[in-house]
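The values are calculated or read from the model by the stated rules, or taken from the named source; none is laboratory data. Predicted, not measured: the structure shown is a model, and the values here were computed from it. Cβ placement follows ideal geometry from the backbone for every residue including glycine, while neighbour counts extend to all protein chains displayed.
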Amino acid sequence: MELKGYLKKYFNFDEFRPGQQEAVESIIGNQHTIAMLPTGTGKSLCYQLPGYMSEGPVLIVSPLLSLMQDQVEQMMAMGEKRVVALNSFLTPPQKAKALENLHHYKFIFISPEMLGMESVIDRIKGLSVSLFAVDEAHCISQWGYDFRPDYLKLGEIRRKIGEPLTLALTATATNEVRRDIADKLLLEKWNEIVFSVDRPAISLALEKVSHFQEKQQRTMQLVRFLKGPGIIYFSSKKVAEQTSAYLREHGISKVMAYHGGLDSESRILIQQQFINGQLDVVCATSAFGMGINKENVRYVIHFHMPMQIESYLQEIGRAARDGGDSVAILIYSPGDEQLAFQLAEAELPDEFQIERLFTFLIENNVVYQDITRLEEELAMFCGFTDIQWRIVENYLSNLESVDYNQDKRSLLHLLDNRLKVKQSKIKQMLEWIHSQECKRAVILRTFNEKLEDRPENCCSYCGIEMEDFKETDASSDERPIGVDWKQDLASILLLSERI
DNA sequence: CGGTTAGCCGCTAGCGGCTAACCGGTGCGCTAGT
């Protein structure tokens with residue numbers, strides 16, 4: 001049977017979406033594959049179809065519990081019963097049972113952390129996995145070095161389970177990141193399927209303001225003016241909450257803040273309300289977005305700048321899933337980059353903390369195998385955050401022998417390099433903000449692409465007609481008519497002045 | 001770096017104004033205690 005026959009048989013589709021066929025062919029051709037496909041092309045089909053066409057289970061590494069649950073539910077709804085998510089949503093007896101019956105499943109979703117456990121690896125070893133799929137694979141590069149170190153262990157785990165055929169899926173990865181993904185997964189040879197990161201339906205706007213208050217006012221103007229629904233991204237939970245309250249106080253009622261500090265019930269509720277159209281605006285941190293498949297998001301505003309261009313692309317990419325005209329607006333005020341630099345610095349342990357750490361290790365003659373046991377004491381003594389501690393622990397516990405001075409130097413060196421990488425990404429983002437040329441072209445260049453077809457409403461450098469993104473539905477417009485129009489006009493004038 | 005807040009001073013009894021200190025994102029799994 002031809003590939004399309006299988007597509008019809010298992011999914012009842014007649015045609016592949018862009019990139020799917022290439023990815024599937026590469027996999028069934030038994031080649032390790034890194035596939036960079038545009039958002040909304042149905043990446044899950046790329047591992048599901050080859051899964052159906054071969055013996056043995058598919059193991060899918062996923063970054064988020066909610067993402068796994070969604071995928072499992074979707075597949076169940078499609079009639080696939082042999083699917084399981086192996087994560088902490090399972091009670092210990094459920095987990096034990098799932099592990100016991102693992103050979104009955106065709107699709108096994110798992111977090112990198114759970115996959116790092118020896119007991120789980122041992123169980124998976126015996127399964128002869130047909131495909132090892134890593135969803136949102138840019139997380140390896142973006143999170144693995146500090147935030148979620150288990151991402152860097154995936155290669156070693158791949159080895160342990162017999163080097164199965166591997167598929168890494170992502171929507172945004174530069175050449176460098178793709179190389180890093182292959183490197184960390186210990187792939188020697190692989191095939192790349194790379195589609196453009198360009199999203200012609202999204203116009204890119206940059207606006208400069210001079211202070212915080214002005215930014216807040218401009219944000220409100222935009223929310224009033226633009227056709228929703230929309231997402232506003234912040235780098236601070238407090239400012240997201242505060243702006244959400246500010247908008248509500250000014251008559252924009254269907255707004256909520258979303259960030260990692262909320263309890264999980266609230267997070268699920270807000271996400272669902274946004275998807276169902278009960279909310280117009282979400283004031284969010286970077287916690288919001290992965291796995292949100294909402295077709296009609298019409299704008300994304302960045303109140304704070306993201307820490308790297310890839311994050312910016314991921315975040316604006318949540319607009320225009322339906323292909324309709326949308327706009328991404330980053331509002332910059334001088335000094336905004338300081339917050340980004342601050343966050344980057346605070347994530348890694350500083351020199352002083354490392355000095356204290358080694359003072360303690362030397363005085364107590366600690367061997368590295370014992371450091372996990374000393375977590376509380378060391379974290380207190382050095383003032384480590386959870387993440388800082390994990391970086392240190394991960395580094396030391398992987399060392400073979402002990403040479404305190406040498407190890408201290410190399411750890412400091414590693415941390416210094418890591419910080420420099422983060423800083424250079426922020427600088428690159430800043431260069432984009434200050435660039436005096438087509439905003440789209442600059443982003444594409446980062447991904448080694450050239451802008452071929454410039455969309456009509458390309459970017460604020462090439463010129464954008466903001467009227468095209470205006471709210472026109474009179475029924476959702478409850479403001480007094482006179483004020484409204486003046487405000488709208490003012491916002492258009494303000495915008496054209498700024499560019 | 002810049003926004004927020006707690007605390008203090010001053011002049012006259014509650015409040016304005018100043019300064020110093022503090023804080024800032026992303027998730028998994030597990031465990032203790034309700």
Those helices (runs of 4 or more DSSP H) lying entirely in region A:356-468 with at least 2 residues surrounded by fewer than 13 Cβ atoms within 10 Å (Cβ to Cβ): A:375-382, A:386-397, A:404-434
Take region A:72-98 and flag every residue that is assigned to a helix (DSSP H, G or I), closer than 22 Å to A:LEU154 by Cβ and either within 11 Å of DNA strand B (Cβ to nearest atom) or modelled with pLDDT under 95 (or both). A:LYS95
All positions within region A:25-46 that are closer than 17 Å to A:LYS189 by Cα and either at pLDDT below 95 or not hydroxyl-bearing (Ser, Thr, Tyr) (or both): A:GLU25, A:ILE27, A:ILE28, A:GLY29, A:ASN30, A:GLN31, A:HIS32, A:ILE34, A:ALA35, A:MET36
Does any residue of region A:126-135 turn out to be in contact with a helix residue (DSSP H, G or I) (Cβ under 8 Å, 6 or more places away or on another chain), at pLDDT 95 or above and surrounded by fewer than 16 Cβ atoms within 10 Å (Cβ to Cβ)? no
Checking A:GLY230 against (1) touching a residue at least 60 places away in the same chain (Cβ under 8 Å); (2) within 13 Å of DNA strand B (Cβ to nearest atom); (3) of a type outside the set (Lys, Arg), which test does it fail? (2)
Could we say that A:ILE292 is assigned to a helix (DSSP H, G or I), among the hydrophobic types (A, V, I, L, M, F, W, C) and within 13 Å of DNA strand B (Cβ to nearest atom) here? no
Quick one: A:PRO306 ticks every box in (1) assigned to a helix (DSSP H, G or I); (2) within 12 Å of DNA strand B (Cβ to nearest atom); (3) within 30 Å of A:GLU393 (Cα to Cα) bar one, so which box is it? (1)
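Yes or no, residue by residue, for (1) of a type in the set (A, V, I, L, M); (2) at pLDDT below 50:
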position: A:ASP453; (1), (2): no, no
position: A:ASN457; (1), (2): no, no
position: A:CYS462; (1), (2): no, no
position: A:ALA474; (1), (2): yes, no
position: A:ARG479; (1), (2): no, yes
position: A:ASP484; (1), (2): no, yes
position: A:LEU489; (1), (2): yes, yes
position: A:LEU493; (1), (2): yes, yes
position: A:ARG498; (1), (2): no, yes
When you scan region A:165-175, do you find a residue that is outside any loop (DSSP other than H, G, I, E, B), in contact with a helix residue (DSSP H, G or I) (Cβ under 6 Å, 6 or more places away or on another chain), surrounded by fewer than 17 Cβ atoms within 10 Å (Cβ to Cβ) and not charged (D, E, K, R), even just one? no
Residues within region A:102-137 that are more than 13 Å from A:ILE60 (Cα to Cα) and of a type in the set (A, V, I, L, M, F, W, C), tallied: 5
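Select from region A:324-340 the residues that are of a type in the set (Gly, Ala, Ser) and touching a Lys or Arg at 6+ places or on another chain (Cβ under 6 Å) and write down the one among them that is nearest to DNA strand B (Cβ to nearest atom). Talk me through it step by step, then tell me what you get.
Of all residues in region A:324-340, those of a type in the set (Gly, Ala, Ser) come to A:324, A:326, A:328, A:333, A:335, A:340.
The next check asks that each one be touching a Lys or Arg at 6+ places or on another chain (Cβ under 6 Å); those that pass are A:326, A:333.
On the way: A:SER326: 23, A:SER333: 7 Å.
Among those residues, the one meeting the criterion is A:SER333.
What tally of residues in region A:267-289 results from selecting those that are among the aliphatic types (A, V, I, L, M), assigned to a loop (DSSP other than H, G, I, E, B) and surrounded by 16 or more Cβ atoms within 10 Å (Cβ to Cβ)?
As a first pass, look at region A:267-289 and keep what is among the aliphatic types (A, V, I, L, M): A:268-270, A:275, A:279, A:281-282, A:284, A:287.
If we keep only those that are assigned to a loop (DSSP other than H, G, I, E, B) too, we end up with A:279, A:287.
With surrounded by 16 or more Cβ atoms within 10 Å (Cβ to Cβ) added as a condition, the list becomes A:279.
Number of matching residues: 1.
Let's see how each residue does on (1) within 16 Å of DNA strand B (Cβ to nearest atom); (2) touching a Phe, Trp or Tyr at 6+ places or on another chain (Cβ under 7 Å); (3) without any contact (Cβ under 8 Å) to a residue 24 or more places away in the chain:
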| residue | (1), (2), (3) |
| --- | --- |
| A:GLN142 | yes, no, no |
| A:ARG159 | no, no, no |
| A:PRO164 | no, yes, no |
| A:ALA171 | no, no, no |
| A:LYS184 | no, no, no |
| A:VAL209 | yes, no, no |
| A:LYS215 | yes, yes, no |
With respect to A:VAL255, is the statement that it is surrounded by 19 or more Cβ atoms within 10 Å (Cβ to Cβ) and over 30 Å from A:ASP198 (Cβ atoms) true? yes
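Restricting region A:233-258 to residues that are of a type in the set (Ser, Thr, Tyr) and assigned to a loop (DSSP other than H, G, I, E, B), which is nearest to DNA strand B (Cβ to nearest atom)? Even if it seems obvious, please write down each step before you answer.
As a first pass, look at region A:233-258 and keep what is of a type in the set (Ser, Thr, Tyr): A:233, A:235-236, A:243-244, A:246, A:253, A:258.
Retained after the next criterion (residues that are assigned to a loop (DSSP other than H, G, I, E, B)): A:235-236, A:253.
Numbers: A:SER235: 5, A:SER236: 4, A:SER253: 22 Å.
Within region A:233-258, the match that is nearest to DNA strand B (Cβ to nearest atom) is A:SER236.
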Tell me whether region A:90-105 contains one or more residues that are in contact with a helix residue (DSSP H, G or I) (Cβ under 8 Å, 6 or more places away or on another chain) and of a type in the set (Val, Ile, Thr). no
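Restricting region A:259-273 to residues that are among the hydrophobic types (A, V, I, L, M, F, W, C) and within 19 Å of A:GLN71 (Cα to Cα), which is farthest from DNA strand B (Cβ to nearest atom)?
Initial filter on region A:259-273 (among the hydrophobic types (A, V, I, L, M, F, W, C)): A:262, A:268-270.
Keeping just the survivors that are within 19 Å of A:GLN71 (Cα to Cα) gives A:268-269.
Values: A:ILE268: 12, A:LEU269: 15 Å.
Per the stated criteria, the residue is A:LEU269.
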